[in-house]
Amino acid sequence: MKILFVHQNFPGQFLHLAPELQGRGHECLALTDGENRREAPIPVLRYRHEAPAPDPQATRLGRNFTQMSDRGVSVARAALQLRDQRGYRPDVIVGHSGWGETLFLKEVWPEAKLLIYAEFYYRGVGQDVGFDPEFDRRGFDGVMIAQGRAAHLGQALLHADAGLSPTEWQASTYPPPLRRMIEVIHDGVDTDAVAPDASARFELPDGRVLRAGDEVLTFVNRNLEPYRGYHIFLRALPEVLAARPEAQVVLVGGDGVSYGPAPSEGSWKQHFVEELGPRLDLSRVHFVGRVPYDRFKALMQVSQAHAYLTYPFVLSWSLLEAMSAGALVVGSRTAPVEELIEDGRNGLLVDFFDGPGWSRTLIRALAEPERMMPLRAAARATIRDRYDLRRICLPRLVDWVERHGPR
């Protein structure tokens with residue numbers, strides 16, 4: 001059958017699914033943003049999107065929907081060209097709902113089955129909005145703004161034939177009538193490629209080399225920002241460094257903002273480094289920026305303790321990959337993390353805002369490596385048994401797509 005993938009940042013979540021379906025004999029094509037230059041595993045067409053920024057005064061709470069529906073219009077026009085000029089008619093469309101790209105595709109190809117990657121549904125209460133009062137003091141206005149951001153997500157799923165979420169908690173963010181449309185299947189982790197390696201090494205910018213068995217504490221995110229608990233982690237470090245004089249701390253992440261507000265000036269990274277000042281020993285705290293995947297994997301293999309914090313929000317792939325690599329994860333006691341980690345069985349959990357608790361738990365994790373070995377083994381077993389790419393997730397994803405195709 002003909003399968004069209006739609007994702008402004010393709011391959012994104014479809015990195016493994018798209019080539020697997022093509023390898024099974026399906027005719028696969030991807031439609032992505034014209035600015036996206038990522039390497040793709042299947043043939044790609046690009047759409048042009050140059051919508052003007054909406055006027056906040058004119059659009060008010062509709063600003064987000066204006067932006068997302070504008071992109072949906074760009075994608076629909078590209079789809080019309082595909083249909084009318086090339087005669088292209090997909091049997092199945094698989095698209096991410098996050099940017100509005102799928103909003104009007106049923107109007108172009110009403111006969112196609114539209115399958116939506118339903119990653120997260122914004123709510124004004126009980127999730128990320130208002131979770132951290134240090135950075136979110138907008139009151140009821142913030143509640144309404146967050147709820148307004150869900151409009152295009154609800155419309156996307158209402159017009160679809162089925163939805164897909166990577167975790168139970170993320171699926172649960174959708175209202176019950178929409179949740180019933182969603183199947184939960186994670187994107188999967190290649191546990192054969194991401195595995196413990198006693199010979200792993202990670203070279204620091206100053207040339208020093210960290211190896212498995214060294215006292216290494218790690219923290220990884222796309223950007224170093226409050227949504228992923230960067231401020232909580234950094235504030236816990238002075239006590240950790242004082243108690244563990246041999247520890248080296250490695251932080252991976254950029255200086256930008258992926259989620260939430262930006263600081264009034266500079267970056268969140270620098271903001272909290274300056275807040276701690278001389279209490280933070282920068283000769284042992286290494287900011288390495290964003291790193292290639294092989295270096296990330298090596299870092300997880302040398303990590304003795306890996307801190308992962310998040311607001312109640314989308315779960316990071318890096319958490320599962322750290323567990324697959326056999327790292328000891330010290331995670332925040334928030335719902336997305338608790339779906340994977342059981343305190344004392346396959347990792348350790350600390351209340352998100354408990355700064356002294358973070359210091360104590362990280363010190364213990366570094367001080368007692370032998371006692372933590374069963375937790376590390378159990379963490380890898382969790383990923384291998386529930387989230388393995390080749391043996392569990394990918395076969396389920398393929399079946400999900402194929403069963404919605406022509407009979």
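For segment 58-67, does any single residue satisfy the condition of being more than 18 Å from Gly98 (Cα to Cα) and either among the small types (Gly, Ala, Ser) or not assigned by TED's automatic domain parsing to the domain that holds Leu103 (or both)? Checking segment 58-67: at least one residue is more than 18 Å from Gly98 (Cα to Cα) and either among the small types (Gly, Ala, Ser) or not assigned by TED's automatic domain parsing to the domain that holds Leu103 (or both). If the condition is being of a type in the set (Phe, Trp, Tyr) and under 22 Å from Cys393 (Cα atoms), then segment 132-173 contributes only Trp169. Specify the residue that is surrounded by the fewest Cβ atoms within 10 Å (Cβ to Cβ); the eligible residues are those in segment 89-98 that are touching a residue at least 60 places away in the same chain (Cβ under 8 Å) and within 29 Å of Pro176 (Cα to Cα). So the residue we want is Asp91.
Which residue pairs have Cβ atoms closer than 7 Å, lie 6 or more positions apart in sequence or on different chains, and pair a first residue in segment 109-135 that is assigned by TED's automatic domain parsing to the domain that holds Gly95 and closer than 18 Å to His231 by Cβ with a second residue that is of a type in the set (Gly, Ala, Ser) and in a loop (DSSP other than H, G, I, E, B)? Filtered contacts from segment 109-135: Phe135/Gly260.
Tell me, which residue of segment 353-385 that is among the charged types (D, E, K, R) and surrounded by 14 or more Cβ atoms within 10 Å (Cβ to Cβ) is farthest from Tyr230 (Cα to Cα)? I'd like the intermediate steps shown before the answer.
From segment 353-385, those among the charged types (D, E, K, R) are 354, 360, 364, 368, 370-371, 376, 380, 384-385; that's our starting set.
Right, trim to surrounded by 14 or more Cβ atoms within 10 Å (Cβ to Cβ) and you get 354, 360, 364, 376, 380, 384.
Details: Asp354: 13, Arg360: 17, Arg364: 20, Arg376: 23, Arg380: 25, Arg384: 28 Å.
Taking the candidates together, the pick is Arg384.
Looking across segment 40-79 at every residue that is at pLDDT 95 or above and of a type in the set (D, E, K, R), the one that is nearest to the chain's Cα centre (by Cα) is identified as Arg71. If only residues of segment 273-299 that are among the small types (Gly, Ala, Ser) and either touching a strand residue (DSSP E or B) at 6+ places or on another chain (Cβ under 9 Å) or not assigned by TED's automatic domain parsing to the domain that holds Gly256 (or both) are counted, the one that is surrounded by the most Cβ atoms within 10 Å (Cβ to Cβ) is Ala298.
Pairing each residue of segment 204-215 that is among the aliphatic types (A, V, I, L, M) with any residue that is part of a loop (DSSP other than H, G, I, E, B) and crowded, with 16+ Cβ neighbours inside 10 Å, provided the two are 6+ apart or on different chains, yields C-beta distances under 7 Å for Ala212/Ala200.
Pick from segment 206-227 the residues that are over 18 Å from the mean Cα position of the chain (by Cα) and part of a strand (DSSP E or B): which of them is nearest to Val330 (Cα to Cα)?
Filtering segment 206-227 for residues over 18 Å from the mean Cα position of the chain (by Cα) gives 206-217.
Those left that are additionally part of a strand (DSSP E or B): 209-211, 216-217.
Working: Val209: 23, Leu210: 20, Arg211: 20, Val216: 13, Leu217: 10 Å.
Of everything passing the filter in segment 206-227, Leu217 is nearest to Val330 (Cα to Cα).
Restricting the first member to segment 280-306 and to residues that are in contact (Cβ under 8 Å) with a residue 60 or more places away in the chain, and the second to residues that are part of a strand (DSSP E or B) and aromatic (Phe, Trp, Tyr), the beta-carbon pairs closer than 9 Å and six or more apart or on different chains are Val288/Phe202; Arg295/Phe202; Ala298/Phe202; Leu299/Phe202; Gln301/Phe202; Val302/Phe202; Ser303/Phe202; His306/Phe219.
Quick check: anything in segment 392-407 under 30 Å from Asp132 (Cβ atoms), surrounded by fewer than 20 Cβ atoms within 10 Å (Cβ to Cβ), touching a residue at least 60 places away in the same chain (Cβ under 8 Å) and under 22 Å from the mean Cα position of the chain (by Cα)? There is no residue in segment 392-407 that is under 30 Å from Asp132 (Cβ atoms), surrounded by fewer than 20 Cβ atoms within 10 Å (Cβ to Cβ), touching a residue at least 60 places away in the same chain (Cβ under 8 Å) and under 22 Å from the mean Cα position of the chain (by Cα).
For Leu29, state whether it is buried (at least 20 other Cβ atoms within 10 Å of the Cβ), at pLDDT 95 or above and either touching a helix residue (DSSP H, G or I) at 6+ places or on another chain (Cβ under 8 Å) or outside any loop (DSSP other than H, G, I, E, B) (or both). Spell out how you get there, then give the answer.
Numbers: buried (at least 20 other Cβ atoms within 10 Å of the Cβ): no; at pLDDT 95 or above: yes; either touching a helix residue (DSSP H, G or I) at 6+ places or on another chain (Cβ under 8 Å) or outside any loop (DSSP other than H, G, I, E, B) (or both): yes.
So Leu29 fails the test.
Arg235 passes every criterion in (1) crowded, with 17+ Cβ neighbours inside 10 Å; (2) under 30 Å from Ala381 (Cα atoms); (3) of a type in the set (Lys, Arg) apart from (2). The number of residues in segment 59-88 being of a type outside the set (A, V, I, L, M, F, W, C), touching a residue at least 60 places away in the same chain (Cβ under 8 Å) and under 30 Å from Gly142 (Cβ atoms) comes to 5. All of (1) at pLDDT 95 or above; (2) part of a loop (DSSP other than H, G, I, E, B); (3) of a type outside the set (Lys, Arg) hold for His231 with one exception: (2). Comparison of Arg60, Arg38, Arg71, Arg24 shows that the only residue that is basic (Lys, Arg) and either in contact with a strand residue (DSSP E or B) (Cβ under 6 Å, 6 or more places away or on another chain) or surrounded by 18 or more Cβ atoms within 10 Å (Cβ to Cβ) (or both) is Arg71. Checking segment 251-272 against the condition returns no match, with no residue being in contact (Cβ under 8 Å) with a residue 60 or more places away in the chain and crowded, with 21+ Cβ neighbours inside 10 Å. Report, by residue number, each residue of segment 156-180 that is hydrophobic (A, V, I, L, M, F, W, C) and touching a residue at least 40 places away in the same chain (Cβ under 8 Å). Matches in segment 156-180: Ala156, Leu157, Ala160, Ala162, Leu164, Trp169, Ala171, Leu178. Of the residues making up segment 48-57, those that are of a type outside the set (A, V, I, L, M) and either touching a strand residue (DSSP E or B) at 6+ places or on another chain (Cβ under 6 Å) or assigned to a loop (DSSP other than H, G, I, E, B) (or both) are Arg48, His49, Glu50, Pro52, Pro54, Asp55. Here the condition is being crowded, with 17+ Cβ neighbours inside 10 Å and not in a helix (DSSP H, G or I); of Glu101, Glu111, it holds for Glu101 alone.
The values are calculated or read from the model by the stated rules, or taken from the named source; none is laboratory data. If you're wondering where the values come from, they're calculated on a predicted model, not measured in any experiment. Every residue, glycine among them, receives a Cβ derived from its backbone with ideal geometry; neighbour counts consider all protein chains shown.
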